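Colleague: Sharing a structure below in structure tokens format, with a few things to ask.
Where a number appears in this text, it was derived from the coordinates with a stated rule and is not lab data. Everything quoted here is computed from the prediction, not taken from an experiment. As a convention, Cβ positions derive from the backbone with ideal geometry for all residues, glycine included, and neighbour counts pool all protein chains shown.
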Amino acid sequence: MPKPIYVLSGPNLNLLGSREPDIYGHQTLDDVRALCEARAAALGHAIVFRQSNHEGELVDWIQEAREAACALVLNPAAYGHTSIAILDALKMLNVPVVECHLSNPAARESFRRKTYVSLAATGVVSGFGANSYVLAVEAAAGLAHSS
């Protein structure tokens, strides 16, 4: 089996299902994990699925992915708009990076329309709720096979 796809989620995503469900939906992070695991398995991949509210922990996991992952899906949440540390960690990766968002940042407040993660991402999937993660895993698997 190939190296796993890392699926990392940033701050406040542990509260999916109860946090602003009109924006982020009613599915929990455990629901998202199950969807990702099922899609990855159908594509012949395992995933490493993690969430943290701590920027440094996300940086550590991105660095870990340098050697351990075949691709990375990252929902940086608010850190996408603020974290140069995450951008710098992503720029050191030699695997495809798919940025993922539940909502469509371009349709929200102006400060959400730019992410530092996009500067290092191979592609972006946004606006499809929990299905954004599934589409991002599918894209990551396809990119991993072509690299």
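Colleague: Using Cβ contacts closer than 10 Å as the measure, can you line up 82, 28 from fewest to most?
Modeller: So the residues, fewest neighbours to most, are 82, 28.
Colleague: Here is a further query. So what is the relative contact order of the chain, in percent, for Cα pairs below 8 Å that sit 6 or more residues apart?
Modeller: 28 percent
Colleague: Please work out the C-alpha center-to-center distance from the range 25-59 to the range 112-147 and express it in whole Å.
Modeller: 13 Å
Colleague: Normalized C-alpha radius of gyration of the chain, against 2.2 N^0.38 Å?
Modeller: After normalising by residue count via 2.2 N^0.38 Å, the value is 0.94.
Colleague: Before anything else, pin down the relative contact order of the range 1-80: Cα pairs under 8 Å, at least 6 apart, normalised by residue count, whole percent.
Modeller: In percent, rounded to a whole number, it is 54.
Colleague: So for 137, 97, 124, fewest C-beta neighbours within 10 Å to most, what's the order?
Modeller: Ascending Cβ contact count within 10 Å gives the list 124, 97, 137.
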